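Each remark here refers to the structure printed beneath this line.
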Amino acid sequence: MADMAVDTTGLQAAAGPFDRAKALSAFKLGDKTFYWATRACAISVLLILGGIILSLFVGAWPAIQEFGLSFLTTARWAPANDPPVLGALGPIYGTLVTSLIAMMIAIPVGLGIAIFLTELCPMWLRRPIGLAIELLAGIPSIIYGMWGFFVLGPFLANHFQPAMIALFEGVPVLGDIFAGPPSYLSLFNASLILAIMVLPFITAISVDVFKTVPPVLKEAAYGVGCTTWEVVRSVVIPYTRVGVIGGIMLALGRALGETMAVTFIIGNSFRITGSIFSPGTTISAAIASEFAESDGLHQSGLILLGLLLFILTFMVLAAARLLLMRLEMKAGK
Amino acid sequence: MNFIKAIVAAGMVAASTSAFAADITGAGASFPFPIYSKWADAYKKETGNGLNYQSIGSGAGIKQIIAKTVTFGATDAPLKPEQLEKEGLAQWPMVMGAIVPVMNIEGIKPGEMVLDGNTLAKIYLGEIKAWNDPAIAKLNPKLKLPTDAIAVVRRSDGSGTTFNFTDYLSKVSADWKSKVGSGTAVEWPVGVGAKGNEGVAGNISQTKNSIGYVEYAYAKQNKLTYASMINSAGKTVQPTMASFQAAAANADWAKAPGYYLILTNQPGDASWPIAAATFILMHKDATDKAASTEALKFFKWAFEKGGKMAEELDYVPMPDSVVKQVEKTWASEIKS
């Protein structure tokens, strides 16, 4: 290939075979350098990741030695005890619950916005809505936290929560999930903030992949008399399934690790109660709240929490990969 | 060209002066940050010497001074004498604050409600659940108390405020001591956590029938309803500069090696029971003697001239008797 490229330039060709070899080797060197430079970049990611895991592990070692597996099954967090009793069950529970509720809200709403934007929205409205979504993604998380603390939290505690508590009172299971007293700082309020924060991820990626559906497919479906709903359900979604799930996983990753906004409105309580209106904590919020004033085993326990979040996120992403692979294989058949 | 030259020259002058007057560096507790920065500002204007204080939390401040990356560390929770000995550190109280219980109950004004330590501990243990509980009613026979549940608010982040508050509850309630204990972060039996003093203050002002604890400055600036407290002498005291200073003056500093003394529940008729000092840590035999001499000059200046500034920011200056003792400690312990 390189050979031909040299031949076509008259100037180089006229300079004789010696120079041609030299030019070739220069190309070869350039290629090699490029290859190694990009390879080094890629490998550096692995090294950095390995370094982070290693330093987390070293930091967490005293807590691992002290608590072992009981760290995962203990629902107490008593750093002031002598000796301290630390367990990650509360934060793990909070992390999973808030992420789950956030995704339950954000997935339908996000997909709804994306479908509206690509299939139904009049042209003049597309830009304002699209811009609004981008703006949501651009708001710093601390602003979400403050808004949650001063505006959303009081609103939910004074209006939404009492209504839900009254509605489900006496109903088995649901009555426990929506149990009082109303609180400004709660798992549910944090989940709602998270849902708003991850919405742009789901929407933006869904809009992008929906746009990749070949118009001819949709037109054919409309041609045989499908309604918009049927086109979306049977053509657009199946065609873009992999991309949509990718967007959802990205959002879930964000929800699992979001720190600042959650720290503001979750109430940092390590107790596990059945009610989503009670204060709780997430792994990242617990670390952010207590790290600065912690030392010794307490700090080591917080680092171990960080390691757990790392593993949890890794497991979620790995599960997402597996799911995508299975979907792709199904589609291949 | 001349213009550019002038800029370059000015830059060089600025660089050389700042390099000449080596800035003192300190790090630690966030509670005294506003007053340390105000002092630093005034000190720079007066002497030309700067002070760089990073408010990174007491725990981190202790680590930084042990690692010798700063000239002084600052902490809200004093180090024990044996730990000071081990690390070769000197410690003294620099400025005080006070913690006040705050509440939001319709019709009750600041200072009207009286609480004692044991009742406060029971509220935070979740044993007293409603405002009209007999224990509260007994302390407040004249107040019309609501029947509503008490919404308990506490700090969500690890903090010196929490350390002093839980230390007080541990001193007055054996139950609290055995079940919860004291620390910058504890296992709270009830309540929601709000971030920072400002978070607790915000939550209290928005939540009806709530109770919380904040630094006095936050109660005052947010116009929150604070409680009067019954102190260890059995007297009812209001949170005022005088009652905070009384707590420090009545504390037995002379018998506390390394000033390891927490100002909660101190004796004296006028003492506010939840006063708190914040401490400075320095190496007795520092590697950079010049910097540590500079730092001591700053602290001396702050003790002598910083009292009024502290009061403006609702901090409490250390009483003269304590200042004299601290200055003696400098002379005998810190090598310069």
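Tabulated results
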quantity: Degrees between helix B:2-20 axis and first principal axis of chain B (Cα, 0 to 90, nearest 10); calculated: 70 degrees
quantity: Given charges at beta-carbon only (K, R positive; D, E negative), |dipole| of chain B in Debye; calculated: 160 debye
quantity: Gyration tensor verdict on the stretch B:122-204 (Cα atoms; rounded if a/c is under 1.5, prolate if a/b is larger than b/c, oblate otherwise); calculated: oblate
quantity: Cα-Cα over 25 Å, subset of B:Lys144/B:Lys235; B:Lys129/B:Lys179; B:Lys142/B:Lys195; B:Lys171/B:Lys328; calculated: B:Lys142/B:Lys195; B:Lys171/B:Lys328
quantity: Separation in nanometres of the label points that stand 7 Å from Cα toward Cβ, at A:Ala166 and A:Cys226; calculated: 4.6 nm
quantity: Solvent exposure of the protein assembly as shown as accessible area per residue, Å², 1.4 Å probe; calculated: 48 Å²
quantity: Chain pair B, A: total accessible area buried, heavy atoms, 1.4 Å probe, Å²; calculated: 2200 Å²
quantity: Pairwise centroid distance, computed over Cα atoms, of the stretch A:238-276 with the stretch A:185-225, Å; calculated: 17 Å
quantity: Cα-based shape type of the stretch B:293-336, given that a ≥ b ≥ c are square roots of the gyration tensor eigenvalues and the cut on a/c is 1.5; calculated: oblate
quantity: Cα-centred dipole magnitude for the stretch B:194-336, charges only on beta-carbon of K, R (+1) and D, E (-1), debye, nearest 20; calculated: 80 debye
quantity: Förster radius 22 Å - calculated FRET efficiency between A:Leu217 and A:Cys121, Cβ distance, rounded to 0.05; calculated: 0.65
quantity: Over chain A: helical MRE at 222 nm, DSSP H runs n ≥ 4 each giving -39500 (n - 2.57), nearest 500; calculated: -23500 deg cm²/dmol
quantity: A:Tyr222 - accessible surface, heavy atoms, 1.4 Å probe, Å² rounded to 10; calculated: 90 Å²
quantity: Computed accessible area, B:Thr162, all protein chains, 1.4 angstrom probe, square angstrom; calculated: 0 Å²
quantity: Carbon/sulfur fraction of accessible area - chain A, other protein chains in place, 1.4 Å, %; calculated: 73 percent
quantity: Residue among A:Ala75, A:Pro108, A:Leu96 farthest towards the positive dipole end of the stretch A:30-176, charges placed on Cβ; calculated: A:Pro108
quantity: Positive-end extreme of charge dipole, the stretch B:69-195 - chosen from B:Gly191, B:Gly158, B:Gln91 (charges on Cβ); calculated: B:Gly191
quantity: Exercise: per-residue mean of other protein chain Cβ atoms within 10 Å, A:265-276; calculated: 4
quantity: Selection from A:Leu252, B:Ala277, A:Ile165 lying farthest towards where the dipole of the protein assembly as shown points positive, charges on Cβ; calculated: A:Leu252
quantity: Nearest-10 value in Å² for the accessible area of B:Trp188, using the 1.4 Å probe; calculated: 20 Å²
quantity: Cβ-defined net charge surrounding A:Ala106, 14 Å radius [Lys, Arg +1; Asp, Glu -1]; calculated: 0
quantity: Accessible surface, 1.4 Å probe, highest first, among residues A:Leu187, A:Leu135, A:Leu309; calculated: A:Leu135, A:Leu309, A:Leu187
quantity: DSSP beta bridges in the stretch B:114-244 [antiparallel fraction, %, rounded to 5]; calculated: 25 percent
quantity: Charge dipole magnitude, Cβ of K and R +1, D and E -1 - the protein assembly as shown, Cα centre, debye nearest 20; calculated: 700 debye
quantity: Cα centroid separation - the stretch B:193-218 against the stretch B:86-138, whole Å; calculated: 12 Å
quantity: Compactness of the stretch B:82-138 as Cα Rg over 2.2 N^0.38 Å, two decimals; calculated: 1.81
quantity: Close Lys-Lys pairs in chain A, where close means Cα under 26 Å and separation is 8 or more or interchain; calculated: 5
quantity: Max mean-square fluctuation residue, GNM over chain B, Cα-Cα springs under 10 Å, options B:Lys44, B:Lys305, B:Lys142; calculated: B:Lys142
quantity: Angle in degrees between helix B:196-206 and the longest Cα principal axis of chain B, rounded to the nearest 10; calculated: 30 degrees
quantity: The protein assembly as shown - Rg and Dmax from Cα coordinates, angstrom; calculated: 31.2, 110
quantity: For the stretch A:147-280, the spread of Cα positions along each principal axis, largest first, Å; calculated: 55, 34, 25
quantity: Solvent-accessible area, 1.4 Å probe, carbon plus sulfur percent, for the stretch B:176-239; calculated: 47 percent
quantity: Residue of A:Leu131, A:Leu24, A:Leu156 that the Gaussian network model of chain A assigns the largest fluctuation, springs spanning Cα pairs under 10 Å; calculated: A:Leu24
quantity: Violating pairs (Cα-Cα greater than 18 angstrom) within the set B:Lys300/B:Lys335; B:Lys45/B:Lys220; B:Lys44/B:Lys300; B:Lys45/B:Lys297; calculated: B:Lys45/B:Lys220
quantity: On Cα atoms only, tilt of A:17-67 relative to the major axis of chain A in degrees; calculated: 10 degrees
quantity: Diffusion constant of the stretch A:15-169 at 10 °C, which comes from Stokes-Einstein with the Kirkwood Cα-pair radius and 1.306 mPa s, µm²/s; calculated: 69 µm²/s
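The values are calculated or read from the model by the stated rules, or taken from the named source; none is laboratory data. Given the structure is predicted, the values throughout are model-derived calculations rather than measurements. When we count neighbours, we look across all protein chains shown, and the Cβ atoms used for this are built from the backbone with ideal geometry, even at glycine. Please note that ligands, DNA and RNA were not included when accessible areas were found on the heavy atoms of the full protein model with its side chains. Shrake-Rupley method; radii C 1.70, N 1.55, O 1.52, S 1.80 Å.
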